[in-house]
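The values are calculated or read from the model by the stated rules, or taken from the named source; none is laboratory data. Remember, it's a predicted structure, so these values are computed and weren't measured experimentally. Note: ideal-geometry Cβ built from the backbone for every residue, glycine included; neighbour counts use all protein chains shown. Note: areas computed on protein heavy atoms with side chains; ligands, DNA, RNA excluded. Shrake-Rupley method; radii C 1.70, N 1.55, O 1.52, S 1.80 Å.
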Amino acid sequence: MMDLNYKQFFEVMPAYLTILDRDLRVIQANQRFRKDFGDFEGRYCYEINRHRTEPCQNCPAARTFQDGLRHGIEEQFKKVNGQEVALIVYTTPIRNEAGEITAVMKMATDITEIKLLQNQLQESRERYRHLFEEVPCYITIQDRDLRIVEANRRFREDFGEVVGSPCYQVYMHRSEECVPCAVKETFQDGQVHQTEEVVTARGGEQMNVLVSTAPIRGAEGQIKSVIEMSTDISPIRRLQSQLTSLGLVISSISHGIKGLLTSLDGGIYLVNSGMEKNNPARLKQGWEMVERNIARIRTMVLDLLYYAKDREPALQWFPAQSVVEEVYGVVRGKAKEVGIEVLTDIDPMAGDLSADPKAVRSLLVNLAENAIDACRVDKRKSGHEIRLGVRGSPDSIEFQVSDDGIGMDQETREKAFSLFFSSKTGDGTGLGLFISNKIVQAHQGKIQLESEPNKGTRVTVKLPRRGPMSRAASSKPS
Amino acid sequence: MASRKKILIVDDEEDIRTYLSSLLGDQGFETLLAKDGEEAWKQVEANPPDLITLDISMPEKSGIKFYREIKAHERWNTIPVIIVTGVSEDMRKFLSSRHQVPPPEGYLSKPVNREEILTLIQKLTAVP
């Protein structure tokens, strides 16, 4: 009775069951096996299952014959109709009364469907991973402490391997959270938030990014983490900045031109009335006025060309010391009014340099005016100092403008040269340092900013003594 | 012989002061000069003018500040003021919209039209 039951079970089991002898010949097979793999009698298992002429490597049945243990393996079988099926195969020894292994039972379960689903899941995962990695924007996933728990390839490339670091440190080089923080807001209300930021990549490059955040929820709807996606919109902002810059410039030029035209008109009036009245002194005065204002128009146009990127520096040799003294004369009065003393630190042996004197003057006036502003807003103390310095080396001239004003944090330092970045909360246009940087670049020089909050700022401008390389042909007059 | 009318020209541009001074001097006016609001106040107190031409954008005390102060002054608020400026027309609308101060007697944009400024000054300084 028991025998009959085992045989019945063997026959109807929803798996492929076979009994193999030591030669791996199939000596018994159940109904399902016979149906899908056909006649088995006298044939080898590898012949039936894999259509091979020799035993398979790593054959679990052979191993069971060897070590008497159960073995499992995933295999691909080919049915009699040619269809491939994925199977999970287990082998187990059959022993005689003396305990010797006389045969091995092999049970193979069809896992083709599971395999298919597994493959689809894997593909789907890979697709999402690929999308996450390759999407042309920065993606991070952050926890409640704003720590980055995952970042896509583009983010890692531009900001470094930063998993575990707080977002504000990596993105903004700040030591404290941003206010407001879109990720925090999403954690609080579960909504999508958008903001625009200026971030700094690990190479120091600045970019304007549009940041969007969205919640990632767990099975019970609780917010587990927040995904932050940032798109680089620097090219759009640059264009916008250029247009705004153009607007400001046009407004400023318009005001300047009106004044210049009035002065020119005045010069013409004096020339004409001087001739009519036969008054040479008035005529001379008028003509000088005309000449002076034509020169001012010329300067204005040349300055404007810096904005338009068209202007090459008008190189000439001049003493480095003279430009610092000139700038000192320009800013001293303005500084004194607000209780700031301007000091000079001039190396009399600095010598001459080949540069555009007007551009260098504008650059230094701009830096000095920034220094005045930095002192003016510093209410910690009264009686600030600004130093204008110059020194020379055989190949270069180094100008320095330093102050003991309010100073800048790392974020402000990094953004200082960006167009339209201003830390002067409404008082600044954000043009000054951008143009200064541009003047330095046009001279193939270097500008360096050192600053610490509440300590002050030092800007060092190093210009090649003999001017930019492409224009080095201009030789120093003897 | 009637005394010459005194015009105070307030402008930070020396060339413009010279120009207006010559133009008005040629028409028989006496001119006083000031390069900003501070100097203008000193002139007004030392030598009260019959009319002031006033620039807006000046580095020290601006024209707006000076204008507000003189129009609030009980003794000098009757001196006619012509604003002569390169600042956009919006400033004229702004000044007219401020109820704290009366609108200026004249508002001319730079570059000024000679006939226009002379006609306006003659009208405003004419004895009624």
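The number of residues in the stretch A:11-27 that are crowded, with 18+ Cβ neighbours inside 10 Å and assigned to a loop (DSSP other than H, G, I, E, B) comes to 1. Scanning the stretch B:50-71 for residues that are at pLDDT below 90 and either within 18 Å of B:Thr18 (Cα to Cα) or of a type in the set (A, V, I, L, M, F, W, C) (or both) returns B:Ile56, B:Ser57, B:Met58, B:Ile64. With respect to B:Leu23, is the statement that it is in contact with a Ser or Thr (Cβ under 9 Å, 6 or more places away or on another chain), within 14 Å of chain A (Cβ to nearest Cβ) and buried (at least 22 other Cβ atoms within 10 Å of the Cβ) true? Considered against the rule, which asks whether it is in contact with a Ser or Thr (Cβ under 9 Å, 6 or more places away or on another chain), within 14 Å of chain A (Cβ to nearest Cβ) and buried (at least 22 other Cβ atoms within 10 Å of the Cβ), B:Leu23 comes out as yes. Mind telling me which of the residues A:Glu84, A:Glu123, A:Glu161 ends up being of a type outside the set (Phe, Trp, Tyr), within 30 Å of A:Ala182 (Cα to Cα) and out of contact with any helix residue (DSSP H, G or I) (no Cβ under 7 Å at 6 or more places or on another chain)? Exactly one residue qualifies, and that residue is A:Glu161.
Might you let me know whether the stretch A:123-131 holds any residue that is more than 30 Å from A:Ala201 (Cα to Cα) and loosely packed, with under 14 Cβ neighbours inside 10 Å?
Narrowing the stretch A:123-131 to residues more than 30 Å from A:Ala201 (Cα to Cα): A:123-124.
Next cut, loosely packed, with under 14 Cβ neighbours inside 10 Å only: A:123-124.
Yes, the conditions are met somewhere in the stretch A:123-131.
For the stretch A:373-405, a residue qualifies if it is closer than 26 Å to A:Gly204 by Cβ, buried (at least 22 other Cβ atoms within 10 Å of the Cβ) and modelled with pLDDT under 90, and the qualifying residues are A:Ala374, A:Gly405.
Of all residue pairs spaced 6 or more apart or on separate chains, those with beta-carbon atoms under 6 Å, a first member in the stretch A:208-235 that is open to solvent by 30 Å² or more (accessible area, probe 1.4 Å) and a second member that is part of a helix (DSSP H, G or I) are A:Asn208/A:Ser234; A:Asn208/A:Arg237; A:Pro215/A:Thr186. Residues of the stretch A:445-478 being closer than 14 Å to A:Gln316 by Cα, at pLDDT 90 or above and assigned to a loop (DSSP other than H, G, I, E, B), which ones? If the condition is that a residue be closer than 14 Å to A:Gln316 by Cα, at pLDDT 90 or above and assigned to a loop (DSSP other than H, G, I, E, B), then A:Arg465 is the only one that fits. Of everything listed in (1) without any contact (Cβ under 8 Å) to a residue 60 or more places away in the chain; (2) under 16 Å from A:Thr18 (Cβ atoms), the single unmet condition for A:Thr112 is (2).
Candidates in the stretch A:42-62 are the residues that are open to solvent by 20 Å² or more (accessible area, probe 1.4 Å) and more than 18 Å from A:Lys79 (Cβ to Cβ); of these, the one that is modelled with the highest pLDDT is A:Ala62.
Among the residues of the stretch A:253-264, how many are facing chain B (nearest Cβ under 7 Å), open to solvent by 40 Å² or more (accessible area, probe 1.4 Å) and out of contact with any Ser or Thr (no Cβ under 8 Å at 6 or more places or on another chain)? Before you say what the answer is, go through the steps one by one.
From the stretch A:253-264, those facing chain B (nearest Cβ under 7 Å) are A:255, A:258-259, A:261-263; that's our starting set.
Narrowing the set further to residues that are open to solvent by 40 Å² or more (accessible area, probe 1.4 Å) leaves A:255, A:258, A:261.
From what's left, out of contact with any Ser or Thr (no Cβ under 8 Å at 6 or more places or on another chain): A:261.
Total satisfying the criteria: 1.
Listed by first and then second residue, the pairs linking a residue in the stretch B:76-96 that is within 14 Å of another protein chain (Cβ to nearest Cβ) to a residue that is modelled with pLDDT under 95 and in a helix (DSSP H, G or I), with Cβ atoms under 6 Å apart and 6 or more places separating them unless they lie on different chains, are B:Gly86/A:His255; B:Gly86/A:Lys258; B:Gly86/A:Gly259. For the stretch A:148-197, filtering for residues that are among the small types (Gly, Ala, Ser), within 18 Å of A:Val135 (Cα to Cα) and over 12 Å from the mean Cα position of the chain (by Cα) leaves 1.
Within the stretch B:106-128, the set of residues being open to solvent by less than 30 Å² (accessible area, probe 1.4 Å) and aliphatic (A, V, I, L, M) comprises B:Leu108, B:Val112, B:Ile117, B:Leu118, B:Ile121. Of the residues screened, A:Asn272 is not one that is of a type outside the set (A, V, I, L, M, F, W, C) and at positive phi.
Per-residue answers, yes or no, for (1) at pLDDT 90 or above; (2) within 50 Å of the chain's Cα centre (by Cα); (3) farther than 20 Å from B:Ile117 by Cβ; (4) not in a helix (DSSP H, G or I):
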residue	(1), (2), (3), (4)
A:Ile257	no, yes, no, no
A:Tyr269	yes, no, no, no
A:Asn278	yes, no, yes, yes
A:Ala281	yes, no, yes, no
A:Trp287	yes, no, yes, no
A:Asn293	no, yes, no, no
A:Thr299	no, yes, yes, no
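With respect to the conditions (1) part of a strand (DSSP E or B); (2) at pLDDT below 95, B:Glu38 lacks only one, and its number is (1). When A:Tyr168 is tested against (1) aromatic (Phe, Trp, Tyr); (2) open to solvent by less than 20 Å² (accessible area, probe 1.4 Å); (3) out of contact with any strand residue (DSSP E or B) (no Cβ under 8 Å at 6 or more places or on another chain), only condition (2) is not met.
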